[in-house]
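Structure first, commentary second.
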């Protein structure tokens, strides 16, 4: 019993130490966002697909005709906006995480190879990176979705393909700087084969940067997904996405502003808090400010 | 201003202390340091990393970060610096008290020519006309032996080598004939033959302009080469002060003695060096008493209990060590 | 232990297809030998090629030209499949005690890496051996579970030394091992290196810019300038009777550290080291040499023996010596 509480205390202590100086509001919002996404089926007040005729275009609860039943109001088909936003968070997070995982894996691998092997292979990979970074995202996504057809899997693939280049460029730069450290030369002197040096010495020393870029990218990717869905190239009904909600609500802006403002606000807060959290994380993980 | 030929000291530092306030308690970076600097004198401030020599240097120009608490007194030509306002200090820096720093590579703006940066220094700190400023810049470049000075002034910092930049920075720092030049590790980033050139240059500057120089360094060789007097620092305290040559020939503080003995010398054929055991102490957790006591071969019981004030150990010499307590003189070796 | 003949190392500067091919002449035609159990010192200023020589001997850089044998392995080039065996015989300690240890690994893994790689030592056996190594270099055995950032510079350098000696090498390259350390710590590390040499029968290549430190450590010393060896002699000979004007200039700069010797046989030089991309013709030191003559630009002086074990590359060393001692 007391052992367990001591264990818990040690962990909260470590957590407190690790989170020192974190931006409270942003971190709270990020946590809220993640929790909502994970526990969506258990916390939504209504089935997000349930059409309640009485709640059709119902305003948020603080408005004159609003009710507690639909806190953030209802949409044109009488579906609960809060529930739909919570489910939207779930899909946004799933899509973003998979997209970043895909982009990150491809990018980190190619960046590692480019930076570590160097020479002609480096030049080749980096020219491809330049080409990808120069292409306008929406145009590229349009092409891909037109070819593959819109579906959640395809959105993930499209965003993976269009985002890997940033990871490759970051990792290559980091690898070049880590590669010149003495401990890498000394690992060779110790007799480590080159591929093991890459895994044991170089990759762990670039992971911080990758984590930070991925966190900051999460916000970016959420916006991209919303844009695609808004344009009808992303998530398709009956799946729910914030971008899709925006698109659906567009026709009602003048009579029911909450149909667009609520999902818009969700996007804004999620992206903003992710960016602030990412900035803090970057400072926190910066090796120059090593644990004091 | 340099005409006042009275034997007034250029700089008098008395019982100067700097503490940095930190989350885990205060860090005493400089503790009770006192010294005097006569016009045209070169004073060496020597010590290892964390001994407080750089903090001392920043304190003299009042360029410390906000969490520093400074006590004691710093008088420049009789005027107290610690009570001056920020704008009064700004007027003093750059004209009366100037600096040459360790890294010549980052001391100049890469986007402007050397000449325009030189001119800026003169324009902000003096009332000279453009023609006078140009003439002064050329004169200074000749003084520091920079070949083809006119072309040099038109070039950019990246077109000059480290040694050349350090010459240029020395010229800028002394162009207005300051009373005091602070040189913080001015040769550390340079190769030995270039170091040697810069040291000769500093000696020339002192001789021709009469500038007093404080040379902050970890290199005892440079100190011996250039300075008249020395302050040896350890863990924020001035453990020994005195004339350079006597400090080198008859060191009196055990730290100075141990330090001099631990340096390999050319022509010395010992198979082992007399090393100082232990590590340099952490300023945030200094032991009570003398900070050198844990590494000192002559440490006594009282060394770990209390820290002595400076004892006079000869003409113009002090050592902060119980071995030199007049109350028990004659006992130690 | 080491035989180097006509070592050449050039680094290509630009790999663009149509750009003019320019190379950095890091090392040009350098030869020397190091006998088993002795310390060969290499001195010179930045850009003189001493660090490149160290890298060549460690097989971290391939040779551009010349012949090199280290600890019984030919490095021109190293036969395929023998790199592991070579790495067992040759180890290194570098200048920067902060960059030499991977900040993410514990001391156990940092010091134990060569043992794991070379002999597959793991687990409790590795722990035991690392603790023994820590004891040898004068560190507490509990350090085994700490991280490098918990140690001061001098202690980190001890860790780097423990790691290097772990596989019982025959030959070690020590590249400025004390120049980043505080003065009061240097003597400890230098003494440790000498003690280990005696106990383990090591051969050292000791690279440094500090002449006094080199003299303390070395049996023989080579002086390098801009990629060339200009003087090579027994340590005692070199410091008693420096012959090359550049060696004399270095000694003058170093003597400031020492009791004033009068500087009778030393030389003050002006100017700075020229670019190794376009080094001066003939003798590379001629642009700064106060004794330079027409012949110095026309003809590369060969490293020739002037007395037993004392070789020098200068056309006019006899005249200079006569002039300076007159």
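All of the numbers you see were taken from the coordinates with simple rules; none came from a lab. Model, not experiment: these values are computed from the prediction. In this analysis, Cβ positions are derived from the backbone assuming ideal geometry, glycine residues included, and neighbour counts consider all displayed protein chains.
Points worth noting:
- Look at the stretch C:86-97: the mean tally of other chain Cβ atoms within 10 Å of its residues' Cβ atoms is 3.
- Over chain C, dividing the summed -39,500 (n - 2.57) contributions of all DSSP H runs of at least 4 residues by the number of residues returns a 222 nm mean residue ellipticity of -10000 deg cm²/dmol.
- Rounded tilt (10° steps) of C:123-136 against the dominant C-alpha axis of chain C: 50 degrees
- Degrees separating the helix C:183-200 axis from the principal Cα axis of chain C, which is the longest one: 80 degrees
- Entry note, the range B:104-177: relative contact order of 46 percent, from Cα contacts under 8 Å with a spacing of 6+ residues.
- Rounded if a/c under 1.5, otherwise prolate or oblate - the range C:15-87, Cα gyration tensor axes: oblate
- The range B:104-177 - Kirkwood radius from inverse mean 1/r over Cα pairs (Å): 12.0 Å
- Normalised convex hull volume, the range B:64-163, alpha-carbon set, Å³ per residue: 148 Å³
- Across the range C:106-172, C-alpha contacts under 8 Å between residues 6 or more apart give a mean separation that, scaled by the residue count, equals a relative contact order of 45 percent.
- For chain A, the longest principal axis of the C-alpha atoms and the axis of helix A:152-179 are separated by about 30°.
- Max mean-square fluctuation residue, GNM over chain B, Cα-Cα springs under 10 Å, options B:203, B:127, B:137: B:127
- Among A:63, A:17, A:174, residue whose mean-square fluctuation peaks in a GNM of chain A (springs only between Cα atoms under 10 Å): A:17
- Separation of the residue A:138 and residue A:199 label points, Cα + 7 Å toward Cβ, nm: 4.4 nm
- The label-point distance for residue C:84 and residue A:153, in a model that sets each label 7 Å from Cα toward Cβ, rounds to 4.4 nm.
- Measuring r between the beta carbons of residue C:22 and residue A:207 and using R0 = 22 Å, the FRET efficiency lands at 0.05.
- Once Rg and the Kirkwood radius are both taken over the C-alpha atoms of chain B, their ratio Rg/Rh works out to 0.99.
- Exposure proxy for B:312, A:75: other Cβ atoms within 10 Å of each Cβ, ordered fewest to most, give B:312, A:75.
- Among B:214, B:266, B:222, the residue with the largest mean-square fluctuation in a Gaussian network model of chain B, with springs joining Cα atoms closer than 10 Å, is B:266.
- Using bins of 20 Å that start at zero, the share of Cα-Cα pairs per bin across chain C amounts to 30, 54, 15, 0, in whole %.
- Normalised contact order of the range B:170-296, rounded percent, pairs of Cα under 8 Å and 6 or more residues apart: 17 percent
- Neighbour-count ranking [beta-carbon atoms within 10 angstrom, fewest first] of C:295, B:257: C:295, B:257
- Modelled spin-label separation between residue A:252 and residue B:63, with each label point placed 7 Å from Cα along the Cα-to-Cβ direction: 6.5 nm.
- Between the range B:159-192 and the range A:38-72, the alpha-carbon center distance in angstrom: 73 Å
- Counted by neighbouring Cβ atoms within 10 Å, the residues B:10, A:184 run from fewest to most as A:184, B:10.
- Helix-only CD estimate at 222 nm, as mean residue ellipticity for chain A, using -39500 (n - 2.57) per DSSP H run (n ≥ 4): -23500 deg cm²/dmol
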